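First comes the structure, then the notes that go with it.
The values are calculated or read from the model by the stated rules, or taken from the named source; none is laboratory data. As the structure is a prediction and not an experimental result, all values here were calculated from the model. Counting neighbours? That spans all protein chains shown, and the Cβs are built from the backbone with ideal geometry, glycine included. Areas reflect the complete protein model, heavy atoms only, side chains present, ligands, DNA and RNA absent. Shrake-Rupley method; radii C 1.70, N 1.55, O 1.52, S 1.80 Å.
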Amino acid sequence: MVAREGWSRIAIAFAIALTVQLFGGLWWALPFWLLGGLVLQFFRDPPRDIPVLPGAVVAPAHGKVVSIQPGVDPFSGEAAIQVSIFMNIFSVHSNRIPICGSIKHRRHWRGRFFNAALSKASAENERCGIQIETKEGTKVSCVQIAGWVARRILTYVHVGDEVKTGQRYGFIRFGSRVDLYLPPYSEVLVGLGKWVLSGSDIIARLPETERHHG
């Protein structure tokens, strides 16, 4: 499958390659065909097998876990566990909902475009965050962060929307990252350097007390 965000760009890339081949021959067109192939792979959006388990939090992004550290939830201001996933140009750039619930908050922060792999990107880069509240009242926040090449963040959910685990909710073009803020004492199941698949890899479990709240 191909992400709808890339349809026009893929069409333009292959149209240019075909035009160059028609007028200049295959050898002249070869670099343009290769470029078209790179654009196509960037916008790929394969289906995912979504696990449905109590308290399971799935990866919101496809990429490398670059940070697991104490953090502060950007909406509540409360202590949290921050898990950061960096996406390079070869990652699938569709973002997915980490856990089912309803969207309680959404906010866009204007900012700079540092390398998204750097820790300061969480506070200084252009970003868009959402906070999800589960039916048990647990709050999990997810922040899309633009990188030094990425210049546009797409977020398709709004306050009040009901969302499901693994649901596709956004897209970031080129290198970028997603920060996930979990309640304290959540059990993180991935380690630094681990590559995770968006929507299908479980990266954490919520605390037992949170799962049975209410």
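Annotation: average projected area of the stretch 18-105 is 8.9 square nanometres, based on the convex hull of Cα atoms across all directions. Taking Cα atoms only, the orientation of helix 7-24 departs from the longest principal axis of the chain by about 20 degrees. For the chain, the dipole from Cβ point charges (+1 on Lys and Arg, -1 on Asp and Glu) about the Cα centre works out to 580 debye, to the nearest 20. Amide H contacts for GLY71 (H built 1.01 Å from N in the peptide plane; partners 5 or more residues away or on another chain; cut-off under 5 Å): ALA80, ILE81, GLN82.
Each of TRP27, TRP33, TRP7 has its accessible area taken with a 1.4 Å probe; listed largest first, they run TRP27, TRP7, TRP33. Here's how it looks for ASP161: its modeled amide H is under 5 Å from those of ILE103, which are all 5 or more places away or on a different chain. Shown for the chain: the carbon plus sulfur share of the solvent-accessible area, taken with all protein chains present and a 1.4 angstrom probe, equals 61%.
Solvent-accessible area per residue in the chain equals 51 Å², computed with a 1.4 angstrom probe and all protein chains kept.
Computed from the Kirkwood radius of its Cα pairs, the Stokes-Einstein diffusion coefficient for the chain at 4 °C and 1.567 mPa s stands at 73 µm²/s. Based on C-alpha pairs under 8 angstrom that are at least 6 apart in sequence, the chain has a relative contact order of 26 percent. Per-residue Karplus couplings for the stretch 45-57, computed as 6.51 cos²θ - 1.76 cosθ + 1.60 with θ equal to phi - 60°, are listed in order as 8, x, x, 10, 8, 8, x, 10, 10, x, x, 7, 10 Hz, Gly and Pro entered as x. Think of the chain as having a plus end and a minus end, set by charges on the Cβ of Lys, Arg, Asp and Glu; of ILE81, ALA146, GLY101, ALA146 sits farthest toward the positive end of this dipole.
Length gained on full extension, SER8 to TYR185: 59.3 nm, using 0.36 nm per residue less the C-alpha separation. A cut-off of 5 Å between modelled amide H atoms, ignoring neighbours fewer than 5 places along the same chain, links ASN95 with TYR169, GLY170, PHE171, ILE172.
Rolled with a 1.4 Å probe across the full set of protein chains, the surface gives GLU133 an accessible area near 40 Å².
Relative to the longest principal axis of the Cα atoms of the chain, helix 26-42 runs at roughly 10 degrees. For the chain, a Gaussian network of Cα nodes joined below 10 Å ranks PHE90, PHE43, PHE32 by mean-square fluctuation, and the top entry is PHE32.
The mean sequence separation of alpha-carbon pairs under 8 Å and at least six residues apart, normalised by the residue count of the stretch 155-210, gives a relative contact order of 34 percent.
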